[in-house]
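In what follows, a single structure is set out as structure tokens and then discussed.
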Amino acid sequence: MAILELQSVSMDYGGVKALSEVNLTVAPGEWLAIMGPSGSGKTTLMNIIGCLDQATSGRVFLDAEEISQLSRRQLTAIRRDRIGLIFQQFHLVSHLTALENVMLAQYYHSLPDQDEAMAALERVGLGGRYRHLPGQLSGGEQQRVCIARALINCPDLILADEPTGNLDQANEEIVLAILRQLHQAGGTIVMVTHALEVGQEANRIIQLEHGRVTEGKRHRHHT
Amino acid sequence: MFFRLVWGGIARRRWRALLTLFTMLLGVSLATAILNVMLDVGDKFNRELRTYGANLRVVPRSAAFLADFYGLEEGEGVTDKYLREDELPRLKTIFWAYNIVDFAPLLTTPVVLEGVDQPVTAVGTWFNQTLSLPTGDTVTTGVQGLKSWWSLKGAWPGEAASDPAGVALGESLARRLRLSPGESLVLTGQDGVRRTLPVTGVFLAGGREDGQIYVPLALAQAMAGKTGLVEEVEVSALTTPENDLARRAAQSPASLSAKEWETWYCTAYISSIAYQIEEVLTDARAKPVLAVAEAEGKILGKVELLLTLLAILALVASALALANLVTAGVMERRVEIGILKAIGAGDLGVISLVVAEVLLAGGVGGGLGYLLGIGLSDLIGQSVFGASISPHPAVIPLVLVLVFLVSVVGTLPAIRLLLRLNPREVLHGR
Ligand SMILES: Nc1ncnc2c1ncn2[C@@H]1O[C@H](COP(=O)(O)OP(=O)(O)O)[C@@H](O)[C@H]1O
Ligand SMILES: [Mg+2]
């Protein structure tokens with residue numbers, strides 16, 4: 001059974017067709033990479049999956065529950081409880097420490113738990129940096145805090161839009177290693193990238209062009 | 001966590017937080033000062049206006065009767081139209097004695113001046129008379145205090161028995177006679193005695209008094225042959241603005257219930273002071289000088305209206321400034337707020353952040369503003385009325401309500417912005 005299913009989803013931005021008739025299924029534990037040129041609709045697709053936006057037409061199911069008709073408030077709840085977001089620009093709260101940024105997600109989800117947040121930071125290799133503000137961390141480190149924050153509430157689905165787009169080679173490798181580890185532990189990941197070597201880490205790559213899926217191929221790492 | 005978020009937000013943008021605080025402080029301090037002044041202004045204003053002359057005229061009952069019914073102010077056929085000079089100190093023994101600021105008796109008599117064809121009115125009065133009260137105290141009263149706004153060149157005539165008698169001339173009369181202080185004039189009264197008297201001063205009143213001669217009361221009594229008598233007493237009293245009760249009482253004190261009567265009697269309404277004056281002077285009728293009383297009431301009403309408008313303006317201005325600041329703050333933090341929303345903060349979660357910030361500014365700024373406002377109102381009191389204005393307890397709840405209103409109004413636009421803010425738009429840098 002699919003954890004995520006899109007049925008002929010289209011997105012129309014006042015005349016601009018960002019997505020047209022996209023069909024997509026993601027199985028639990030799958031690692032999917034979405035690739036395509038700039039402006040092809042990758043972010044739009046991620047926003048719809050991540051409950052940050054709603055499609056103009058078509059249906060979206062998360063865990064067999066249709067989410068395409070939910071209210072803004074219900075979407076917020078899903079985002080909070082079941083989805084972990086990783087951004088290209090990291091998007092940490094700049095006046096909170098690394099630890100507090102992780103605890104923030106716990107705070108909105110349920111209750112901040114310092115030990116648990118600390119453990120999450122340790123898992124991404126930042127146990128020693130918990131007191132540092134984002135401005136005191138390198139890009140790679142900030143992205144790791146962002147990942148720790150995305151994972152802290154054990155989401156069903158991890159969404160990463162160009163997670164390595166702002167990182168150098170070394171940090172890209174570290175982040176990919178964390179995602180790989182996550183995947184091995186059974187996490188479901190949908191990732192946008194336009195670097196082929198990053199996309200090849202996934203089980204499957206789909207190609208978007210002008211808002212349409214033009215190509216989908218199986219990859220190595222079959223589960 | 002919540003407090004870390006609020007506090008972090010404030011600490012990050014200290015300037016804006018300070019400005020917000022300052023806006024609150026300014027609005028609240030102005031409103032506090034104005035409210036404080038307003039609650040006190042009636043009293044202060046009254047006292048101030050009392051330096052501009054009498055608001056009560058005391059006349060003999062029969063004279064009042066003739067004046068009321070036939071429009072006769074003076075003339076034939078009025079035998080019993082005098083008050084007794086020796087009863088006047090009793091004015092300072094009534095219930096509201098301390099509200100009687102100044103008073104002066106008047107006795108007019110025609111005199112003939114050398115070199116002038118027509119007789120001129122001489123007004124006998126007290127200039128600066130020291131009275132011994134039945135209570136053993138002494139008070140000083142007279143024209144000098146009662147007409148303090150008249151401008152005087154020279155001095156008022158002395159009136160102690162030992163002083164040489166003198167007169168003060170009205171400005172236009174002095175000009176006609178070409179006399180200035182220090183010279184003397186010759187006058188003949190009703191008694192036919194020719195007197196040569198020094199001119200001690202020339203005064204400018206701005207009314208018909210400018211064509212008259214002011215002389216010590218005893219001299220006027222001698223010239224008129226009315227020993228120990230006066231025609232009228234002008235009284236300046238501090239009063240409470242009239243209300244319904246006062247108006248009913250003024251029409252007929254008998255119509256009041258015992259309790260109402262008591263309240264009326266023990267309040268410094270002009271009508272109750274008049275009533276108390278009539279109680280102590282034989283056959284006297286005390287009448288409010290309506291024009292003055294009314295003008296005072298109107299001016300007071302206008303001043304209060306003006307102050308209310310100012311207070312409203314101050315609050316509207318600070319609400320607008322606050323709205324601007326808070327909205328700009330949200331704009332500045334839109335990415336942060338977008339992040340919070342993206343990771344699951346609901347509308348309430350983000351709104352409460354902004355509200356907490358404003359409440360903090362409102363609490364601290366409002367508290368400081370209240371204290372500053374008290375100081376400010378005192379300053380206003382000192383500079384405008386020359387008397388301090390004490391903090392009014394009723395202002396505190398008013399200020400609390402106002403702070404609340406200003407905060408709500410000031411936060412609404414920002415809340416609208418918060419609700420509309422779509423995380424999708426800020427997170428991808430669009
Ligand atoms: N909020 C929006 N309003 C109007 N057009 C938009 C909006 N978001 C995206 N688009 C348009 O939709 C298309 C797809 O954008 P996007 O999903 O961001 O592409 P990608 O992430 O693949 O670069 C582009 O043509 C873009 O200009
Ligand atoms: Mg994109």
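The C-alpha atoms of chain B define a longest principal axis, and helix B:395-420 lies at about 30 degrees to it. With unit charges on the beta carbons (Lys and Arg positive, Asp and Glu negative) and the dipole taken about the Cα centre of the protein assembly as shown, which residue among A:Val102, B:Leu88, B:Thr140 sits farthest to the positive side? Value: A:Val102. Of all DSSP-defined beta bridges confined to chain B, some 80% are antiparallel rather than parallel.
Determine the shielding of peptide B:336-342 by partner chains: average, over its residues, the number of Cβ atoms on other chains within 10 angstrom of each Cβ.
Working: counts 6, 1, 2, 11, 5, 6, 10.
Shielding by partners across B:336-342 averages 6.
The fraction of accessible area contributed by carbon and sulfur in the stretch A:4-218 is 47 percent, rounded to a whole number (1.4 Å probe; ligands and nucleic acids excluded).
What distance in nm lies between label points placed 7 Å from Cα along the C-beta direction at B:Lys259 and B:Glu425? So the two model labels end up 6.4 nm from each other.
Just to be sure I understand: of the beta bridges DSSP finds with both ends in the protein assembly as shown, what percent are antiparallel, rounded to 5? Present the calculation step by step, with values, prior to reporting the outcome.
Values: 59 of 85 bridges.
For the protein assembly as shown, the DSSP antiparallel bridge percentage is about 70.
Toward the positive end of the charge dipole of the protein assembly as shown, with +1 on the Cβ of Lys and Arg and -1 on the Cβ of Asp and Glu, the farthest Cα among B:Leu322, B:Phe3, A:Ile152 is that of A:Ile152. Per-residue packing, averaged as other Cβ atoms within 10 Å, sorts the ranges A:201-213, B:297-309 into the order A:201-213, B:297-309, beginning with the highest.
Buried surface for the B/A pair, taken as the accessible area of each chain alone minus that of the pair with a 1.4 Å probe, is close to 2400 Å² in total.
Note on B:Trp149: accessible area approximately 110 square angstrom, rounded to 10, probe 1.4 Å, nucleic acids and ligands left out.
What is the magnitude of the charge dipole of chain B about its Cα centre, with +1 placed on the Cβ of each Lys and Arg, -1 on the Cβ of each Asp and Glu, and no other charges, expressed in debye to the nearest 20?
Details: 37 positive and 41 negative charges, 581 e Å.
Dipole size: approximately 2780 debye.
Relative to the current alpha-carbon distance between B:Val186 and B:Ser390, full extension at 0.36 nm per residue lengthens the span by 67.9 nm. Largest first, the residues A:Ser68, B:Ser388 sort by 1.4 Å accessible area into B:Ser388, A:Ser68. On a per residue basis, the stretch A:4-218 carries 41 Å² of accessible surface, using protein heavy atoms and a 1.4 Å probe. About its Cα centre, the dipole of the stretch B:272-430 is roughly 900 debye, where the only charges are +1 on Lys and Arg Cβ and -1 on Asp and Glu Cβ.
Across every pair of non-identical alpha carbons in the stretch B:159-276, the mean reciprocal distance, once inverted, gives a Kirkwood radius of 17.7 Å. Distances between every pair of Cα atoms in the protein assembly as shown, grouped in 20 Å steps from 0 to the bin holding the largest one, split as 15, 28, 16, 14, 15, 10, 1 percent. When only alpha carbons of the stretch A:4-218 are considered, Rg and Dmax amount to 16.9, 50 Å.
Report, for the stretch A:4-218, the % of DSSP beta bridges that are antiparallel, rounded to 5. Each step should come with its number before you reach the end.
Values: 20 of 37 bridges.
Beta bridges within the stretch A:4-218, antiparallel portion: roughly 55 percent.
The charge dipole of the stretch A:90-171, taken about the Cα centre with unit charges on the Cβ atoms of Lys, Arg (+1) and Asp, Glu (-1), comes to about 180 debye, rounded to the nearest 20.
The string of couplings for the stretch B:99-112 from the Karplus curve (6.51, -1.76, 1.60, θ = phi - 60°) is 7, 7, 7, 8, 7, 8, x, 10, 9, 9, 8, x, 10, 10 Hz, one whole number per residue in order, with x for Gly and Pro. For chain A, modelled as a GNM whose springs connect Cα atoms under 10 angstrom apart, the maximal fluctuation among A:Gly187, A:Gly125, A:Gly15 occurs at A:Gly15.
If the segment from B:Leu310 to B:Trp15 were pulled out straight at 0.36 nm per residue, it would be longer than the present Cα-Cα gap by 103.4 nm. Rounded to the nearest 10 square angstrom, A:Ile3 shows an accessible area of 20 square angstrom against a 1.4 Å probe. Using only Cα atoms and rounding to the nearest 10 degrees, what angle (0 to 90) does helix B:347-380 make with the longest principal axis of chain B? The two axes meet at around 20 degrees. The A:Cys154 and A:Thr56 beta-carbon pair, evaluated with R₀ = 30 Å, returns a calculated FRET efficiency of approximately 0.40. For the stretch B:169-227 versus the stretch B:351-412, the spacing of their alpha-carbon centroids is 58 Å.
For the residue pairs B:Lys92/B:Lys147; B:Lys147/B:Lys302; B:Lys153/B:Lys298; B:Lys44/B:Lys298; A:Lys17/B:Lys341; B:Lys81/B:Lys226, the alpha carbons lie more than 23 Å apart in B:Lys147/B:Lys302; B:Lys153/B:Lys298; A:Lys17/B:Lys341.
The values are calculated or read from the model by the stated rules, or taken from the named source; none is laboratory data. Just so you know, these numbers come straight off a predicted model, no measurement behind them. Positions of Cβ are backbone-derived with ideal geometry, glycine not excepted, and every protein chain shown enters the neighbour counts. Only protein heavy atoms, including side chains, enter the accessible area calculation; ligands, DNA and RNA are left aside. Shrake-Rupley method; radii C 1.70, N 1.55, O 1.52, S 1.80 Å.
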